[in-house]
1. Please give, to one decimal in nm, the separation of the simple spin-label points placed at Asn182 and Gln216, each 7 Å out from Cα toward the Cβ.
2. Compute the accessible area per residue over the chain, keeping the other protein chains in place, probe 1.4 Å, unit Å².
3. Can you tell me the FRET efficiency between Asp23 and Asn132 if r is taken as the Cβ-Cβ distance and R0 is 41 Å, rounded to the nearest 0.05?
4. Tell me which chymotrypsin sites (Phe, Trp or Tyr not before Pro) from the range 164-204 have a DSSP coil assignment and no more than 13 other beta carbons within 10 Å of their own.
5. Between Glu194 and Thr114, what is the spin-label point distance in nm, taking each point 7 Å from the Cα along the Cα→C-beta axis?
6. Length gain on complete extension for the stretch Glu203 to Asn37, per 0.36 nm per residue less the alpha carbon to alpha carbon distance?
7. When the convex hull of the Cα atoms of the chain is projected onto a plane and the area is averaged over all directions, what value comes out in nm²?
8. Summing Lys, Arg as +1 and Asp, Glu as -1, what charge do residues with Cβ under 11 Å from the Cβ of Leu208 carry, Leu208 excluded?
Amino acid sequence: MVKFLNMKNYNMNADISLISNGDFGTNTYIIQSLISNKAVIIDPADGEKICSIIKSKELKPIYIINTHGHYDHISGNKHIKEKYDIPICIHPLDKDFLTDPGLNMSGFMAEEYTSPMADVLLFEGKTIKFDNVRIMIHETPGHTQGSISLSMSDMIFTGDLIFKQGIGRTDLPGGNIDAIINTLKTFYLKLKFENIIFPGHGEIGNKLEFDKIVQQFFYTY
Ligand SMILES: [Fe+2]
């Protein structure tokens, strides 16, 4: 499923496409400049599918960004890297997930998967810039130690930190419940009500829609 989202009202110099793809319904986002065909791919799952969309839209991909190193968020890296030879960007604490099937969890599946190695390491405060698009990196550990969120204007891409149905799991490789609680308090709760959350799975929504699940989490934890 591909959704071409109309986000031009947010004055952020880019268009966003959401592609729900792969074995686990990963949300892959393609952020495309409005003044050129340059694009950034966030969390590619089905590499062939993402490449066919890039081709049909005549885009020029310039980065792959992985919000964390689990299989379902990196499984498209290899195909895209082979086709376009663009840098793979991930937080240093998750870079080893790329090449370790035990950490990225593909070792539990029918076929082990390894991604090409990281080319660019992302950490708090770093900004990815192309044309007049600015994507800021935020360290949001908990689901994995090296989980990051990305912000672009009011859009917040949260990987597996939070979904409309619940908080990201902390029982998988790299997970830590205390870390995710700290991230919710120091990052998520400081977001503004006008922020739009783009999660790694499931529906997009405004922050108020996601607040319910956070309140429920803190009430029951
Ligand atoms: Fe994950």
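The values are calculated or read from the model by the stated rules, or taken from the named source; none is laboratory data. Please read all numbers here as calculations on a predicted model, not as lab measurements. Note: ideal-geometry Cβ built from the backbone for every residue, glycine included; neighbour counts use all protein chains shown. Note: accessible area is taken over every heavy atom of the protein model, side chains too, but ligands, DNA and RNA are not part of it. Shrake-Rupley method; radii C 1.70, N 1.55, O 1.52, S 1.80 Å.
1. So the label points at Asn182 and Gln216 sit 2.7 nm apart.
2. Numbers: 10070 Å² over 221 residues.
Accessible area per residue: 46 Å².
3. Numbers: r = 36 Å, r/R0 = 0.88.
My answer for the efficiency is 0.70.
4. On the way: sites: Phe187, Tyr188, Phe193; in loops: Phe187, Phe193.
Sites meeting the loop and neighbour criteria: Phe193.
5. My value for the distance between the label points is 4.8 nm.
6. Details: separation 166, 0.36 × 166 = 59.76 nm, distance 2.64 nm.
Stretched out fully, the Glu203 to Asn37 stretch lengthens by 57.1 nm.
7. Working: hull surface 43.9 nm².
Projected over every direction and averaged, the Cα hull of the chain covers 11.0 nm².
8. On the way: positive: Lys192, Lys207, Lys212; negative: Glu194, Glu209, Asp211.
Once all neighbours under 11 Å are counted, the net charge is 0.
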